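Participant: Here you go, one structure.
Please treat every number below as a calculation from the coordinates, not as lab data. Nothing here was measured: the structure is a model prediction, and the numbers come from that model. All Cβ positions, glycine included, derive from the backbone under ideal geometry; neighbour counts span all protein chains shown.
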Amino acid sequence: MSRSLLSREDRAGVLALRRREGLSFRELSAATAIREATLRMWERRERVSRRSAKFVEVEVPVPSAGRSLELVVGERIVRLPLGFDAGELRRLLAVLEQPC
């Protein structure tokens, strides 16, 4: 049986049969007329595919007005609005670190 005749779902079904019945690659090859090397390659590809990273869409909520972050610097509390400018924060922290 040629590999090109089987869809990905069909190949997964053949490999599921092997796991379900506890067949060796040799036994599965004899039962399906698919070369043992081909079956091993399918198994390897399936394993790699399961380990591959999956991307999931994440929706980030838009910050609502009035929400802020608090940063405690020594005895000072700095309140920052969400979406603050990091450069401005660095300059502010540099000033706060200077001795009076």
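Participant: Label-point separation (nm) for Arg40 and Glu97, each offset 7 Å from Cα along Cα-to-Cβ?
Facilitator: For the pair Arg40/Glu97, the computed spacing is 5.9 nm.
Participant: Can you give the charge dipole size of the chain about its Cα centre, rounded to the nearest 20 debye, using +1 on the beta carbon of Lys and Arg and -1 on the beta carbon of Asp and Glu?
Facilitator: That gives a dipole near 740 debye.
Participant: Additional query: Using 7 Å Cα-to-Cβ label points, what is the Ser7/Arg19 separation (nm, one decimal)?
Facilitator: 2.0 nm
Participant: I've got another one for you. What number results when the radius of gyration of region 3-51, computed over Cα atoms, is divided by 2.2 N^0.38 Å?
Facilitator: My calculation over the Cα atoms of region 3-51 gives 1.04.
Participant: Compare the Cα positions of Val95, Leu71, Gly13 along the charge dipole of the chain (+1 at Cβ of Lys, Arg; -1 at Cβ of Asp, Glu; about the Cα centre) and return the one farthest towards the positive end.
Facilitator: Farthest towards the positive end: Gly13.
Participant: Additional query: Over 23 Å apart: what share of the alpha carbon pairs of the chain falls there, rounded to a whole percent?
Facilitator: 58 percent
Participant: A follow-up question, please. For the chain, what's the relative contact order in percent, using C-alpha pairs closer than 8 Å and at least 6 residues apart?
Facilitator: 15 percent
Participant: Under the rule that an exposed site lies in a DSSP loop and has at most 16 other Cβ atoms within 10 Å, name the longest stretch of the chain with no GluC sites (Glu not before Pro) of that kind, not counting the sites themselves.
Facilitator: That gives 1-56 as the longest site-free run.
Participant: For region 80-86, what does the Karplus curve 6.51 cos²θ - 1.76 cosθ + 1.60, with θ = phi - 60°, yield as ³J(HN,Hα) per residue in whole Hz, taken in order and with x for Gly and Pro?
Facilitator: Calculated HN-Hα couplings, in order: 10, x, 4, x, 4, 7, 5 Hz.
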